[in-house]
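Please read the structure below before turning to the comments.
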Protein chains: 2
Amino acid sequence: MEMKSEHNAPGRPRASSRDTIEEAAAELFLEQSYAGTTIDEITQRAGVSRATFFNYFASKGDLLWIDADHAIERLDERLNAGDCVSDAVMAVAAEVGPERVPLAVTQSDVMGTGDEIVASGLPRVARVSSLIRAALSREAAGVTGGLELSVRANSLTGAIVA
Amino acid sequence: MEMKSEHNAPGRPRASSRDTIEEAAAELFLEQSYAGTTIDEITQRAGVSRATFFNYFASKGDLLWIDADHAIERLDERLNAGDCVSDAVMAVAAEVGPERVPLAVTQSDVMGTGDEIVASGLPRVARVSSLIRAALSREAAGVTGGLELSVRANSLTGAIVA
DNA sequence: TGGATTGTTAGACTTAGTCTCGAAACCGAT
DNA sequence: ATCGGTTTCGAGACTAAGTCTAACAATCCA
């Protein structure tokens, strides 16, 4: 388990661009809306090039789900560590707290449809659902009803989203 | 209720472009995948201009959900006609039948991730959910528990999707 | 014949996302 | 100090989706 890549990484060191980009994006999303700001503007304010943006984020929509992605990773860790499903979910949910409202929510209020936002969020839901399904199938090894499994997993993720 | 706009519409008549586009797209999606065909190719084969495409479809992804959209509209009609929810859902589901597999499904098998496909499908799910929520709230006028309403609506849509 | 209305088209434009290549910054070893 | 190796950063070209505008074509009605 490499923790933080101490200080002897081969190659050029990162210029701490990631945090800079996140901050610039958060600012601009407040000033103008999400849909109203281009990647060019973000990288321009962050003082990095456009190529660097895609070096850190796979798509523009990823910016809306930074916090959620962190939470999902923690959930994954706990599940892999053998925690039971409900415990892991509650623990992670408690960690995030209400002050950590993801940008996605605040933006969906501002924007008209929020259609693109919800679309960008779908892969996260799918991932959580997949994680929980796997964990559930490990828990109840005997019950092989795949469909019922999916249903339970989906209803759980639905509860989480709410 | 205007049925089909008999034959005396003012203005230029449609050149039956819509069906032509749908057919061309279906062909190309089979030959090459969904992601592998551009809108230019589709309109080229259909013999219409690119602008005309966006005159009939709001986005490329809409092509995958033509059948589903028809079903949704029928569902809407039935609900507005006062049918009870479960009856309307069953009726529409019976209408579609298994031979009418939407392109979305066949394509998601072919493609790698199917991520974009599922994203393009989300608005449909949202719409169905919205319709059902509205109908349910009309049915049980007394129960104002908005959250429980949403939960029931969502679980119903989930069942439909499956 | 001459609007009024509607469908079609061409083309420019913006933006997200991909790709390639070269330069910059660091490492360890010679 | 210099030489590879390795990784990040940046510039620019490129594709493709989607928007927009303004012109053109076909039809109806008067």
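A few points about this structure:
- Scanning segment A:8-63 for residues that are outside any loop (DSSP other than H, G, I, E, B) and basic (Lys, Arg) returns A:18, A:45, A:50, A:60.
- Every listed requirement among (1) more than 14 Å from chain B (Cβ to nearest Cβ); (2) surrounded by fewer than 16 Cβ atoms within 10 Å (Cβ to Cβ); (3) modelled with pLDDT of 70 or more is met by residue A:101 save one, (3).
- Residue B:25 vs. criteria without any contact (Cβ under 8 Å) to a residue 24 or more places away in the chain, of a type in the set (Gly, Ala, Ser) and more than 13 Å from DNA strand C (Cβ to nearest atom): no
- Flag if residue A:4 is modelled with pLDDT under 90 and among the basic types (Lys, Arg): yes
- Selection count where residues are more than 11 Å from every other protein chain (Cβ to nearest Cβ), of a type outside the set (Gly, Ala, Ser) and over 11 Å from the mean Cα position of the chain (by Cα), scope segment B:117-133: 3
- Unmet criterion (only one of (1) more than 10 Å from DNA strand D (Cβ to nearest atom); (2) at pLDDT 90 or above) for residue B:13: (1)
- Within segment A:78-106, residues that are assigned to a loop (DSSP other than H, G, I, E, B) reach partners that are at pLDDT below 75 with beta carbons closer than 8 Å, at six or more positions or on different chains, in the pairs A:84/A:139.
The values are calculated or read from the model by the stated rules, or taken from the named source; none is laboratory data. Nothing here was measured: the structure is a model prediction, and the numbers come from that model. Quick reminder, even Gly has a Cβ in these numbers, built from the backbone with ideal geometry, and neighbours come from all protein chains shown.
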